[in-house]
1. Using the Cβ atoms and a cut-off under 11 Å, what net charge is assigned to the surroundings of Arg174, where Lys and Arg are +1 and Asp and Glu are -1?
2. Please get the size of the charge dipole for segment 30-221, origin at its Cα centre, with Cβ charges of +1 on Lys and Arg and -1 on Asp and Glu, quoted in debye to the nearest 20.
3. May I ask which residue of Ala62, Leu129, Ala160 lies farthest towards the positive end of the charge dipole of segment 30-221, with charges of +1 (Lys, Arg) and -1 (Asp, Glu) on Cβ and the Cα centre as origin?
4. Between rounded, prolate and oblate, where does segment 71-212 land on the alpha carbon gyration tensor, with a ≥ b ≥ c its root eigenvalues, rounded for a/c under 1.5, else prolate if a/b exceeds b/c?
5. Summing Lys, Arg as +1 and Asp, Glu as -1, what charge do residues with Cβ under 12 Å from the Cβ of Val208 carry, Val208 excluded?
6. What net charge is computed for the residues neighbouring Ile197, neighbours being all others with C-beta under 14 Å from the C-beta of Ile197, Lys and Arg scored +1, Asp and Glu -1?
7. Show me 170-181, 211-222 ranked by packing, highest mean number of other Cβ atoms within 10 Å first.
8. When you count, for each residue, the other Cβ atoms within 10 Å and take the mean per peptide, how do 189-197, 82-90 rank with the highest first?
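Bear in mind that the values in this text are calculations on the coordinates, not laboratory data. No experiment lies behind these values; they were computed from the predicted model shown. A quick note on method: Cβ atoms are made from the backbone with ideal geometry, for glycine too, and the neighbour counts reach across all protein chains shown.
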Amino acid sequence: MDPPPPGDGLATLRSAGGLAAVKRGYTDGTRRLATRWITGLARTRVTPNALTIGGISLCIAASVIVYFAYHRPWLLYWTAAVVFVIGSILDVLDGALARHGGKATPFGAFLDSISDRVSEGFMLTAIALVFAREGNDIAIAFTIAAMAGSFLVSYARAKAELLGLKGDVGLGSRAERVVVITAALTFAPWGGLQWVIYFLAATAWLTVLQRVLSVRSQLRRS
C-alpha cells in the first residue's frame, strides 16, 4: 500500500494545529478575563453559592423566553441569548470564586457540575419544544442527540479524571457549547436555529469520541 501523499498529512496536521490554537487562545483569553472579574468579586460579599443559584436561574429564565420567542422573534431570541450568556458566565465564575477565596469544597464542586447540566438541559429542552411546535421532527431528534452528547462529554471527562487521566480533550467542552447555543439563539430569527443545533450535535458526539480515544491511548501508554 502506498503511503499517503506528504501534502495530505501536512494539511491534516496544520488543520488540527490550527483548531487547537484557536481553542487555546480562546481559553487563555477567557481565563484572563475571569481572573479580573474574580479579583473584584472576592472583595464583595458575593458567595459562590449565590453565583450558582443566579446562573441557574438566569439560564432557566432564558429557556422560558425561548419557548415564547415566536411572539416577537427578534427581540425575544436575542434577549434569551444575552440572559443565557450572563447566566452561563455566573455558572463559570462560581467555581473560580470558590477557589480564589479558599472556599472550594467537594460538595461545591459536585453542585457546580450539576448546575451546568441543569442549565444546558433546560435550554435544549426549550429549543426542542420550539421545534415540536413547528413540527420539525428531524430538528427535535438532533436536539435530543445534542443534549445526550453534551452530557456524555462531561461524563467522559469525569470518568477519565476519576481514573487519573486527562479528560478535557476535544473542541466541544462546556465553554464552546455555550458559544454555539448562543449563536443558535442569535441566528434563530433568520431560521438558523436548527442548523446550529445540527452543528452542536455533531461536535458534541465528535468530542465524546475524541475523549474515548484519548482515554484508550493514555491507558495503553500506562
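1. Details: positive: Arg117, Arg157, Arg177; negative: Asp91, Asp112, Asp116, Glu120, Asp168, Glu176.
It works out to a net charge of -3.
2. Numbers: 19 positive and 10 negative charges, 158 e Å.
Roughly 760 debye for segment 30-221.
3. It is Ala160, whose Cα lies furthest towards the positive end.
4. Numbers: a/c = 2.47, a/b = 1.47, b/c = 1.68.
Oblate is the answer for segment 71-212, as a/c is 1.5 or above yet b/c matches or exceeds a/b.
5. +3
6. -2
7. Result, highest mean first: 170-181, 211-222.
8. Working: 189-197: 17.3, 82-90: 20.9.
Packing order, densest peptide first, comes out as 82-90, 189-197.
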